[in-house]
1. Restricting to region 301-319, count the residues that are at pLDDT 90 or above and surrounded by 15 or more Cβ atoms within 10 Å (Cβ to Cβ).
2. Going through region 324-349 one residue at a time, which ones are at pLDDT 95 or above and open to solvent by less than 30 Å² (accessible area, probe 1.4 Å)?
3. Going by the conditions given, is GLN179 surrounded by 18 or more Cβ atoms within 10 Å (Cβ to Cβ) and outside any helix (DSSP H, G or I)?
4. Kindly indicate which of THR47, THR10 is among the hydroxyl-bearing types (Ser, Thr, Tyr), open to solvent by less than 70 Å² (accessible area, probe 1.4 Å) and touching a residue at least 40 places away in the same chain (Cβ under 8 Å).
5. Does SER286 meet the test of being part of a loop (DSSP other than H, G, I, E, B) and closer than 26 Å to ASP232 by Cα?
6. For region 368-425, which positions are among the acidic types (Asp, Glu) and over 25 Å from ALA331 (Cβ atoms)?
7. How about region 14-27: which of its residues are without any contact (Cβ under 8 Å) to a residue 12 or more places away in the chain and either open to solvent by 60 Å² or more (accessible area, probe 1.4 Å) or in a loop (DSSP other than H, G, I, E, B) (or both)?
8. Within region 230-252, is even one residue modelled with pLDDT under 95, polar (S, T, N, Q) and open to solvent by 50 Å² or more (accessible area, probe 1.4 Å)?
Amino acid sequence: LEPYLQMPLTVVPDPFGTHESFAHHNNARLRAFLDSFGFEYEFKSATELYKSGAFDAALLNVLKAYDEIMAIMLPTLGEERRRTYSPFLPISPKSGRVLYVPMKKIDAANGTITFDDEDGEEITQSVTGGRAKMQWKPDFGMRWAALGVDFEMFGKDHQANAPIYSKICKILGVEPPHQFVYELFLDEKGEKISKTKGNGISVEQWLKYAPAESLSLYQWQKPKTAKKLYFDVIPKAVDEYLQFLDAYAKQTPDQQLENPVWHIHGGNPPAKSSPVSFAMLLNLVSAANASNKDVLWGFIKREAPNATPETDPLLDHLVGYALKYYADFVAPTKKYRAPDEKERAALEDLAGRLDNWTGALDGESLQTMVFAVGTERQFEPLRAWFTAIYEVCLGQSQGPRFGGFVALYGVKESAKLIRDSLARG
């Protein structure tokens, strides 16, 4: 790639060998991403806009307002950069390279700039027809003016420069667009996500473990607040999406407009949610040591006897996601512990009650019984009782409502799970 340093990216060969240039490769990835989410858009190549003349009128206006734009830009630069700075970057007529050189003359009447080429020869050439491009900050304002942009979203890292973009757009005689600034993401330690560190997760990684709607919800909520973006947030986002979807049908029209699923689904959210939460599926995979969908569907039938992969496609997708998420993130971190004497006695009591259970098989009834064991065994706070169940039987510090888990996994199966856990400890 060394021979192509300072060349426009549309001239640089694609290192991956799949497209006619590096720019075409990157643009194809962008379009594939947009297509996967069903965005409607019109793609415009900056190189083509420069070369086709689409930017010519705006570039000539920049030339006319050259001194005003320089007055905006120079105070933002260091002393050394000021000496050579120009909003225009001419393309060398000899090498085709983008030149970072000072302007010797500006001729707005003729639409030309004069500069020294790489070999020292003085060149005068037009700024139109792709013979020059603009530095990135003035380029923002110029594009807004040339393309009639009326709304622009950008990350917080652009916020400090937004007034510069807007001033340049106004100088060119066009009202700047409405602007929406969103916060950046943090890793699990609260540090800024960095491509160099590799401490974040990509869209593609999220979509391997959860439906796109869960990512849409995560993005939709508090866009102006810095949020932690790491793998542990995925299950919570999935279940929050299911909760909003469950609530939608019971809401008034005004409430539905405030519900994220109305926006995520373009005003037409699906009528059916999932009868089983993602957190519950993850714990079911763990307890059943399941490795395929058929095993999980066998348990799901207890909770939702009328559900099938065909009638409940969302649930079927979640089953597949749960298997992948468990294998990659939950299984490697599982850490079972032995119970203390009080916990062992309580767990043996619970297993015995499950073995002899003759009550209703719904989650609430079973949850009440599990509560009763913890209360009678004097766990204080009661949360310590449930923590003991999760850590001893499931190898994790938290989990779903245990009564609902028993209803799904099975009463006898849950009793065996407890006894097997006690034997292990």
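The values are calculated or read from the model by the stated rules, or taken from the named source; none is laboratory data. Here the structure is a predicted model, which means the values were calculated and not measured. Cβ placement follows ideal geometry from the backbone for every residue including glycine, while neighbour counts extend to all protein chains displayed. These area figures cover heavy atoms from the full protein model, side chains too; ligands, DNA and RNA do not enter into them. Shrake-Rupley method; radii C 1.70, N 1.55, O 1.52, S 1.80 Å.
1. 8
2. PRO339, GLU343, ALA346, LEU347
3. The answer is no for GLN179.
4. Just one listed residue meets the conditions, THR47.
5. In short, no.
6. GLU376, GLU380
7. Answer for region 14-27, where residues must be without any contact (Cβ under 8 Å) to a residue 12 or more places away in the chain and either open to solvent by 60 Å² or more (accessible area, probe 1.4 Å) or in a loop (DSSP other than H, G, I, E, B) (or both): ASP14, PHE16, GLY17, THR18, HIS19, GLU20.
8. No: region 230-252 contains no residue that is modelled with pLDDT under 95, polar (S, T, N, Q) and open to solvent by 50 Å² or more (accessible area, probe 1.4 Å).
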